[in-house]
Amino acid sequence: MTDIDRRTFVGGLAAGTGALAAGGPGHAAVTMTARGAEVSGGGGSPQQPRRRQGDLLEPAFHPLPLGSIRPRGWLARQLRIQADGLSGHLDEFWPDVANSQWFGGDAEGWERAPYWLDGVIPLAWTLDDARLQQKVSGHIGTIVERQRPDGWYGPYPADAGARAYDLWAILLANKMLAQYHDATGDERVFGAVEASLRALARKVEQAPLYNWGRYRWFEGLIPVFYVYRRTRQQWLLELAHRLREQGFDYAAFYRGEDVTSPTPRRGLWTWAKHVVNTGMAVKAGALAWRLSGSEEDRTEPARMLALLDRYHGQVTGMFTGDECLAGRNPIQGSELCAVVEFLYSLDQAVAVLGDPALADRLERVAFNALPATFTPDMWAHQYDQQVNQVQCTHNPDHMWTTNGPESNFYGLEPNYGCCTANMHQGWPKLAAHLWMQTPDDGLAAVAYAPSEARVAPHGAPVTVTLDTDYPFRERLDITVAAERAVRFPLLLRVPGWSERPVLQVEGAGDVALEPGTFHRVEREWTGATRLSLAFPMRARVTLRYNEAAAVERGPLVYSLAPAEEWTRINADTPGRELPHGDFEVRPASAWNYGLVLPENDPAAGLEFAERPVGERPFAPEGAGMVARARGRLLPNWKLAHGWAGEIAPGLAQSSEPLEDLTLIPYGCSNIRVTEFPRVAG
Ligand SMILES: [Zn+2]
């Protein structure tokens, strides 16, 4: 089957999205000692014998308290764009949040306000934005004040004890409120979460989870583990086991046949193949492993990802789902909720398992699929993004599996409002999980973006800063500033795709690093110590669906972005007042090119050039790195159902002239071609 047989052309490098199996426990970091400096390496795997916390196994890393990590450089600009866009203002005009039952109103009273807060809490405390913090605190105060003596939050129906009630929103709300407690230490909120979990524990004894609660049971483990870590109450572990028993068994589903087939156009919607549930479930095994200690649970995320890549994978590291798993065709879409939930799952899974390949995946999705699906000002988003997305229009002739005609234009709530509520967690949770704490009071660089982490190993205040334009550059400069001398390990993730990566510690020689590991630097840190990392990125061309070619370099995927023609639509629809309008985008220049790629070394024809990283880092004009390729127009490659037509396998022929083409990072594009036909030179 050629459509599931992606080959990697270049240099023996494993393709990034398929490399998960190479990581994980036992894939220990290189042991090294640098001359002339007190630097030692080795034992670099974060997988250590696990102490038990009661019945709960210790994770490889703990996330740092919310607010310990601050963005710098392009990441600070991106989070500021987000706070100034829809995220910072949704509660001011969108009825399902502004008038939410959670806040005492009469609009939606289920998942939408908790979703928004789940993203805006880490945004406000990561940015240290006083206005946003004050606004969030007001909303949280209302939620807590309206909690009933029986532990249920305000929107829970008074007669819910006597009838069915889907508990998903309770799992979500407690996950959100635990973050608020983490950021503020507000004991009133901690008490509210504990009381709600007690009510939940009583409820699941009477009526088991069903529908969304059943398919998202593992989200409940996050607040349960959070409260358990601070109180060690055994009933919490009993609740965790009960949620698992009542929850859907994804591991069993992924051993079956159904998950391997794409949902057909206008096909059947199912819970188990729902793309958001899928993105969320990638962490299920990792979280369950803390309860069970079973090898099957520990390896479940890797098994799920391998299967998703094989049958539904996209070059961005995502899988398709519009709204159910939809195969590898680059014109099937991926829902924004699935992107942000998958990112959060990867945060959680890498924290528990310490597998550097999961962090490679985290960066790949975060730097490609996440930014691509927003307008550069982050006021508008899509429901579904496509890897080959040459126009974004209201399209009744769409080929989505179960979504509607609005799903890929940029707007306030295209297709359905879940993403409008849930999109906010993407960037802030990435920022909040860039650095994590190791069990031996060290610090791990899990994912890389310009940032600063303030920690206190053994009580000594330490600030670690990372200055870099990664992923648009290969060099990362780290400064460790210790107020007094203190010994702790610094673990540096070495991306699996990096070629001859090197660490230089101030005053010492270069140290060769091993890709796909955490490299451990353990020493006494005193004053300010500078380290620099180089992660050389080599271009690679991968063959994907119907043998179409995709260009990758480091964690970034590159796309041809045609000129854009924007049209405002739905101007008279309530809520679409600018700046939060709806927009269609059509190509204003040709998009239908094939790439000319040398048969024996396809990446040899590509050249990369640095550009300044823009004020808006993920806008077409802000692209910090571009690729030059050569191609020919393919007049027979046309729109079908309003979208880029299917690519035929094999080498295309064209008598059109050879042209120089510029490709930009996928995440910078609004419309794009990413999987190209190959055309004869
Ligand atoms: Zn959604």
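Every number in this text was worked out from the coordinates using simple rules, so none of it is lab data. Note that the structure is predicted; figures quoted are calculated from it, not measured. Cβ sites come from the backbone with ideal geometry, for glycine too, and all protein chains shown count toward neighbours.
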**OP:** Mind giving me the FRET efficiency for ASP258 and GLU646? R0 is 25 Å, r the Cβ-Cβ distance, nearest 0.05 is fine.
**Re:** 0.55
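At 0.36 nm per residue, and after removing the present C-alpha to C-alpha distance, how many nm does the segment from ASP510 to GLU296 gain when stretched out fully? Write out the running numbers ahead of the final one.
Working: separation 214, 0.36 × 214 = 77.04 nm, distance 3.96 nm.
Here the answer is 73.1 nm.
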Subject >> Contour excess over end-to-end distance, with Cα ends at GLU238 and SER589 and 0.36 nm allotted per residue >> reply: 120.4 nm
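Could you estimate the translational diffusion coefficient of the range 251-366 from the Stokes-Einstein equation, with Rh from the Kirkwood formula over C-alpha pairs, at 37 °C and 0.692 mPa s, in whole µm²/s? Mind showing how you got there, number by number?
Values: Rh = 14.0 Å.
The diffusion coefficient I find is 234 µm²/s.
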Original post:
Based on Cβ point charges of +1 for Lys and Arg and -1 for Asp and Glu, what charge dipole magnitude is obtained for the chain about its Cα centre, in debye rounded to the nearest 20?
Top reply: 1160 debye
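Tell me the Kirkwood radius of the range 451-600: reciprocal of the mean inverse pair distance over distinct alpha-carbon atoms, in Å.
Numbers: mean 1/r = 0.0506 Å⁻¹.
Final number for the Kirkwood radius of the range 451-600 is 19.8 Å.
If neighbour count is taken as other Cβ atoms inside 10 Å, put LYS283, LYS203, LYS638 in order from fewest to most. Walk me through the intermediate numbers first.
On the way: LYS283 29, LYS203 20, LYS638 9.
Ordered from fewest to most neighbouring Cβ atoms within 10 Å, LYS283, LYS203, LYS638 come out as LYS638, LYS203, LYS283.
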Original post:
Over the range 153-237, with a single point scatterer placed on each C-alpha, what log10 of the ratio I(q)/I(0) does the Debye formula yield at q = 0.12, 0.13, 0.20, 0.23 1/Å?
Top reply: -0.33, -0.39, -0.92, -1.18
Original post:
In Å and whole numbers, how far do the C-alpha atoms of the range 61-173 stretch along each principal axis, longest first?
Top reply: 53, 37, 21
Subject >> Which of TRP643, GLY321, LEU543, positive extreme of dipole for the chain (C-beta unit charges) >> reply: LEU543
Original post:
Within the range 664-681, whose backbone N sits under 12 Å from a point 7 Å along Cα→Cβ of GLN653?
Top reply: 680
Original post:
Considering only PRO157, TRP102, SER87, whose Cα is most displaced toward the positive end of the charge dipole of the range 71-175, charges sitting on Cβ of Lys, Arg (+1) and Asp, Glu (-1)?
Top reply: SER87
Original post:
For the range 58-104, what is the charge dipole size about the Cα centre, in debye to the nearest 20, if Lys and Arg each add +1 at the Cβ and Asp and Glu each add -1 at the Cβ?
Top reply: 360 debye
Subject >> Dipole magnitude of the range 221-341 about its Cα centre (Cβ charges: Lys, Arg +1; Asp, Glu -1), debye to nearest 20 >> reply: 280 debye
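Quick check: residue separation of ALA162 and LEU307 times 0.36 nm, minus the Cα distance between them. What number comes out in nm? Intermediate values should be presented prior to the final figure.
Numbers: separation 145, 0.36 × 145 = 52.20 nm, distance 4.10 nm.
That pair, ALA162 and LEU307, stretches by 48.1 nm at full extension.
Have a look at the DSSP beta bridges in the chain and tell me what percent are antiparallel, nearest 5.
Values: 91 of 98 bridges.
Around 95 percent of the beta bridges assigned by DSSP in the chain are antiparallel ones.
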Original post:
In deg cm²/dmol, rounded to 500, what helix-only [θ] at 222 nm does the chain give when every DSSP H run of at least 4 residues adds -39500 (n - 2.57) and the total is split over its residues?
Top reply: -8500 deg cm²/dmol
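Would you kindly give the portion of the calculated P(r) for the chain that falls above 49 Å, as a percent of all Cα pairs?
Working: 22545 of 231540 pairs.
Percent of Cα pairs beyond 49 Å in the chain: 10.
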Subject >> Links that overshoot a 22 Å alpha carbon limit, given the list LYS203/LYS429; LYS175/LYS203; LYS135/LYS203; LYS175/LYS283; LYS203/LYS273; LYS135/LYS175 >> reply: LYS203/LYS429; LYS135/LYS203; LYS203/LYS273
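Taking Cα atoms of the range 609-681, Rg/Rh with Kirkwood Rh, to two decimals?
Details: Rg = 14.4 Å, Rh = 14.0 Å.
Checking Rg against Rh, the ratio lands at 1.03.
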